[in-house]
Structure formats: C-alpha cells, structure tokens
1. Apply the membrane-span-like helix rule to chain B: whole DSSP H runs, Cα extent along the own long axis of at least 30 Å, mean Kyte-Doolittle hydropathy at least 0.5. List the helices found.
2. Go from 0 up to the bin containing the longest alpha carbon distance in the protein assembly as shown, width 10 Å each, and give me the % of pairs per bin.
3. Using the alpha-carbon atoms, what tilt in degrees (0 to 90, nearest 10) does helix A:136-160 show relative to the longest principal axis of chain A?
4. Once the Cα gyration tensor of chain B is found, what semi-axes does its equivalent ellipsoid get, as square roots of 5 times the eigenvalues, in whole Å, sorted largest first?
5. Between 0 and 90 degrees, rounded to the nearest ten: what's the tilt of helix A:97-126 against the longest Cα principal axis of chain A?
6. Calculated from DSSP H runs of 4 or more alone, at -39500 (n - 2.57) each and per residue, what is the 222 nm mean residue ellipticity of chain B, nearest 500?
7. For residue B:213 and residue B:238, what does the FRET efficiency come to when R0 = 35 Å and r is the distance between their Cβ atoms, rounded to the nearest 0.05?
8. Counting protein heavy atoms only and a 1.4 angstrom probe, how many square angstrom of accessible surface do chains B and A bury in total, to the nearest 100?
Amino acid sequence: MKTLRLLLVSGVLSYRALFNWIHPTYYVPAMLGGPIFQILFFAYLGRFSRLDDDAFFVFGNAIQIVAVAGIFGMVMGVAGERWAGTLSPLLASPANRAVLFFGRSLPFLVNGLFVSVCGFAAGWLLLDFRLEASALAPLALVVLVTAASCTAFGLAVGSVGLWGREVFVLANLVYTGMLVVCGVNFPVGRLPAAAQLVGRVLPVTHGIRSGRALGAGASVGDVLPDIAREAAVGLAYAVVALALFRFFERDARRRGTLERI
Amino acid sequence: MTSRLRRSFETTCAAVPRGLALGRLVGVGWRTHLKHESQSGFVLLVAAGLPPLYATIAFYMLESGKQSGSLLYGAIGAGFMGVWTATLFGSGAAIQVQRWQGVLELHVAAPAPFFVPLLALTLATATTGLYSLAATLGWSWALFGVSLSIQHPGLFVLAVPVAVLSLGALGLVLSSSFVLWRNANAFTNMLEYPVWLVTGMLVPVALLPSWVENLSWVLAPTWGVRAIRAAALGGDSLRPIGMCVLLMLVYAAVGTLLLWNFERLARKRATLSLA
C-alpha cells in the first residue's frame, strides 16, 4: 500500500511541480500544436514526393509523437529535479528508487496516449485518413504499448540529466533521430544496415509497423509479435534507466555534482 | 535661405557620425552575440546537428517516392529550415534571456535606441543559421553525393546574406512581440513546422490550400529560400532578393514600433526587470 502510494502520489506531485508545459496555454501549443503540425508537414512532403498516401504518414507520425511526452516530458520530470534544487533531498530520502522514478513516468504515459489520439484525430479531420472502427481497439493497444516503451526510453534519457547539464540537446537529437531510423516517414529498408539496427532497438519502430498493418486490415494476432517486440524494447530501456540512475547517483555523490546547474 | 542650408548641412554632418556609431554598435553586438551563441551546445545542435537529419529524411522520401528533381533542392530547403529554427528559438526568447542575464535594464537605459542592440542579437541568431546551411550542404555532398554546382555563384553570395538579414529583421518582430506573452517559449515550439510548411522550404506552396500562398508572401523565409534556390539551381533570384529587402524594411519598422510599445509599458508598469 505504501509502495503504491509512493508510486502514484509522488508521480502526480512531481508531474505538477516539474512539467513546465502543464498549463493549457503551454500544453496546447507545445504538446499538441507542434506534433500535429509535424504530421501535416510530413503528410504534405509525402504528397510532394509521391512516396505513399496520407495514411502512411498519419500512422507513422501520430504514433511517433508519443515521444514528445515520453522523452521531453520525462526529461523535465527527472532532470528537472536538478534545476529545481530538489535532487539532493530526493536522493537522500530512503524511498525505493525504482518506485520513485516509475511513478514519475505514469503521467507521461497517459500524456503520450492523449497526444497520439489527438494526432490521429487531426489526421482524420485534416488529411485523407480513415480508420475502420474494428481497428480502433487494437490500435489503442499498440499506442499504449508504444507510449509505455517510449516513456521507459525517456526515463533513460532523463537519467542522463542527473549527470550532465545539456540533456535537452540529447533529447532533441534523439527525437529527431527517431524520425530518421524508426520508419516514421519512409521505409527503413532503404537505410544502411547499421541504421536499421539502431531503429530496431529504439522504441516506436515496431509500434509504427503494427499500426500500419492494422490500418491495412491485419488482425491483432497478426501484429502481436511486433507489439511484443515493442514491449520488450520498452522493458529493456526500463532496466537500462534504473541502471543509469544507480550509476549516475553514485558518480554524482562521488564527485559532489548533485547540485551543479 | 543661407542659414537654413547651413543648419541643414550641420544636422546632416551630426547625423553621419551618429549613424556610423549605431552601425558600429550593430556590428560589435552582432560579433559578440555570434561568439556567445556559438558556445551553446543547444544552439549548435539546432543549427548544425538537426538540419542534416531533416535533409536525410527529405532525401529518402524524395528518392523512395516518384518525384523526380534535384537533391540540391532538398538540401537547400533543409538547410534553410535550420536558419528559421535558429532565428525562431534565438530571437523569440531574446528579450527574456536578456532579463535572465540582468542586462535588459542596461540596454534600455543606454543612450542608443533599444532596437539597435536587439537587432544585433537577432541578426546574430539568424547568422548561426548559416552553420545549418553549410552543415546540410556538406552532409548532402558527403553522404548522398549531391552536386554542389551553383548556377549563379554571384547571386548565391548575394542571396544568402540578404536572406539571413531578412530573417534577422523578422527575429526583431518575434522578440518584441513574444516578450509580452509569458508562454512564448511553448509557442516557439509550435511555430517551427508550420513556417517550414507554408514557406515552401521542402513542399512547394502550390500544393497547399490557396489561402496559404497569401500568408507565405509576408514571410521572409519564403523569399529567402526562393532566392537561394534560384541562384543555385537557376532562375530569377533578383525578385525574391528584392522581396527580402522590402520585407526586411517592413519588419524593422514594425519591430521598432513594437519595441517602443514594450519599453513604454515596461517603464509604466515597472516590469522591466521581472524575470
């Protein structure tokens, strides 16, 4: 019970305190406006390049934008402890680190899901994109798993912020890099083998493939292997994030850099 | 008549050194801010790290699709996208950053008009966008074998600085209007893609709804990228260069008016130093 309370209450409190874009006047332009314009930009670039139809780009980008909450949100939620000056008291507390930081990721998971739903809705309203009603529930599952996987990845990126100061540079690089190697806007088969390998171990890649397959009429059973791969990627990043936390915490204590801004 | 002529001559003589001094102030400010901006990891990433990635996406999309055309078209577009991003993020927060650094009051209190040091800053942020153009063209040449043969080198050398200056002037409008809006930071995040889209950086404006074309005319990036493309790929680049100059003058006038209003309100409400 105590663990559950720590997971939920500390997560919500941290979200309210550290997520800078929580107010609607910030949330709407940064979390919804930017991602929706991303979908429109690539859909129109797709029309110009005549690569594929709008649905290809809506699936790719509306699923990839879970990374806005998953990566940028988690960076604010975790690395923000350093800027807010609360990192030292937090690490001095006896609370379980895993519970503490996974609690912080829950609001961003919900956020990622919401942003993606808005992305699909914008695609339906503004572009030539339609979805069968029967595909809605499986697609929701795909987006949920992808958002969880991306949030775990964001936790790992955010943990770097406990150690280094330029974590937003890393977050921007990672977010844009995902657009290149995760098959968001063109088939990954065209990339060099090394880049394809990077794409396979990043979140979003398998989620996007599942989403497109569902859009093309595949059943849940058909896409289950891809959903499982996406979940496995997320699980691996969760483990990496925890390991990084422990490493960076020890290193920052040793070097006395916990409060360096 | 003679005394009036003499007074007019004396006024002109007095104005020349002042104009030179203000020009020198813009030059020194531009150099200082450019050095300062070039030390920031975030600025360097936005200017030189991300545009080559966008160029990569554009190349793969254009190559995978059925659209024939020059890859240099995509490289210039992606490079100029970085110039806009550098201007947007650098200039949008210019006054707010001056507040945090504690130099805003000094700039306002200085004898030089406030728009002069601010113009130097916005020009410097737009200039960091040149890193983007250079990095993207270099990346495209090295990885995708894009031929960098420029059809009109003279016009290219003219078009690039004029385009950057016009974006710097647009930055002056952004910085002076965003300062009155507390959530401008979030707004800058939203403005990146729409301006890339409506100014024809990668997608021709003709593919967009017709009302977008009218909007694109008042945005300097539209003419900047057209001028550079026409100089590089062949075509009329003098008209877009002329439009850049015209818009630069309009932006400078609008920016000065907005700044005057900001300064008046900030003095009246004593909010100049509120970070």
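The values are calculated or read from the model by the stated rules, or taken from the named source; none is laboratory data. Here the structure is a predicted model, which is why all the values come from computation and not from measurement. Note: ideal-geometry Cβ built from the backbone for every residue, glycine included; neighbour counts use all protein chains shown. Ligands, DNA and RNA are stripped out before the accessible areas are found, and what is left, the full protein with its side chains, is counted by its heavy atoms. Shrake-Rupley method; radii C 1.70, N 1.55, O 1.52, S 1.80 Å.
1. TM-like helix candidates: B:71-92, B:115-144, B:153-178, B:238-269.
2. 4, 17, 26, 25, 17, 7, 2, 1, 0, 0
3. 40 degrees
4. Here the semi-axes work out to 35, 23, 17 Å.
5. 30 degrees
6. Theoretical 222 nm ellipticity from helices: -26500 deg cm²/dmol.
7. With a Förster radius of 35 Å, E is 0.95.
8. Separately minus together, B and A give about 3400 Å² buried.
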